[in-house]
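What follows is one structure encoded as structure tokens, with my remarks underneath.
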Amino acid sequence: MTRTVDLNADIGEVLLTEEVIAAKTAELGRRISEDYAGRQLTLVSVLKGSLPFMADLMRQIDLPLRIDLMEVSSYGGTATESSGLVRIIKDLSASIAGEDVLLVEDIIDTGLTLNYLIRYLKGKGPASLRICTLLDKPARRLVEIPVDYRGFEIPDQFVVGYGLDYGERYRNLRFVGVLRPEVYGEPQ
Ligand code: 5GP
């Protein structure tokens, strides 16, 4: 039998409140608007985790822009570990050749997923490619990633909320938090 889930009660600690995330998103949007002033930008985001960040960030950028969405999944790995072997489930809808592209990510952990995506997108011939991530867990980095815009550095803990899931749940929380350890042991 599936237990009744109280999403908020499953959170042990709130790392980033809704207000703190909103302030940071506004700050990043301002910086991006200044850095790309006079240019047109293509935001590429990776489903599903980056969805809330992308939606909030794009509305803080004061430039003509278009968006595109990719979806990837990693082969193997576990619910809390990425394997680095990436499969493209949904590709870009339009060419990015000659475009200024900003890749919008939810979190960089080992960096393996992003490392693959950067090589893939560079192969499409953009005029420039920069990286924006809301969360960065540098403690677990396996490959070096040139992060141009970073929201928050967080400790080596598995976080959920604001798009990030555990077993597809918790994406709709408005904050970023750490799950109680008991939750990992329970059937989904
Ligand atoms: P990486 O390839 O950098 O190790 O992992 C990237 C992906 O793993 C992220 O896009 C995200 O889907 C997942 N991931 C890494 N760390 C976390 C975490 O703390 N919480 C959640 N929910 N997903 C994570």
> List the pairs whose first member sits in segment 10-28 and is in contact (Cβ under 8 Å) with a residue 12 or more places away in the chain, whose second member is in a helix (DSSP H, G or I), and whose Cβ atoms are under 6 Å apart, counting only residues at least 6 apart or on separate chains?
Replying inline: 10/183; 25/56; 25/57
> Taking segment 117-127 only, how many residues are surrounded by 13 or more Cβ atoms within 10 Å (Cβ to Cβ) and either of a type in the set (A, V, I, L, M, F, W, C) or in a strand (DSSP E or B) (or both)?
Replying inline: 3
> Does at least one position in segment 103-122 carry a residue that is at pLDDT 95 or above and of a type in the set (Phe, Trp, Tyr)?
Replying inline: yes
> From the list 6, 10, 100, 68, which residue is acidic (Asp, Glu), surrounded by 16 or more Cβ atoms within 10 Å (Cβ to Cβ) and modelled with pLDDT under 95?
Replying inline: 10
>> I'd like the residue in segment 34-76 that is more than 17 Å from the chain's Cα centre (by Cα) and not in a loop (DSSP other than H, G, I, E, B) and, out of all such residues, is farthest from the ligand (Cβ to nearest atom).
In response: 34
> Hey, among the residues in segment 92-128 that are without any contact (Cβ under 8 Å) to a residue 12 or more places away in the chain and of a type in the set (Lys, Arg), which one's farthest from the ligand (Cβ to nearest atom)?
Replying inline: 122
>> As an exercise: evaluate residue 184 against (1) loosely packed, with under 13 Cβ neighbours inside 10 Å; (2) in a loop (DSSP other than H, G, I, E, B); (3) hydroxyl-bearing (Ser, Thr, Tyr) and give the number of the one condition it does not meet.
In response: (2)
> What is the residue count in segment 131-156 for residues that are under 19 Å from residue 44 (Cβ atoms) and touching a Pro at 6+ places or on another chain (Cβ under 8 Å)?
Replying inline: 1
> Among the listed residues 167, 163, which satisfies the condition of being of a type outside the set (S, T, N, Q) and more than 9 Å from the ligand (Cβ to nearest atom)?
Replying inline: 167
> Does any residue of segment 129-144 turn out to be over 22 Å from residue 89 (Cβ atoms), surrounded by fewer than 13 Cβ atoms within 10 Å (Cβ to Cβ) and away from the ligand (no atom under 13 Å from the Cβ)?
Replying inline: no
> For segment 84-116, how many residues are among the polar types (S, T, N, Q), under 20 Å from residue 58 (Cβ atoms) and part of a helix (DSSP H, G or I)?
Replying inline: 0
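The values are calculated or read from the model by the stated rules, or taken from the named source; none is laboratory data. This structure is a prediction, so every number in the text was calculated from the model and none was measured. Here Cβ is always computed from backbone atoms with ideal geometry, including for glycine, and neighbour counts include all displayed protein chains.
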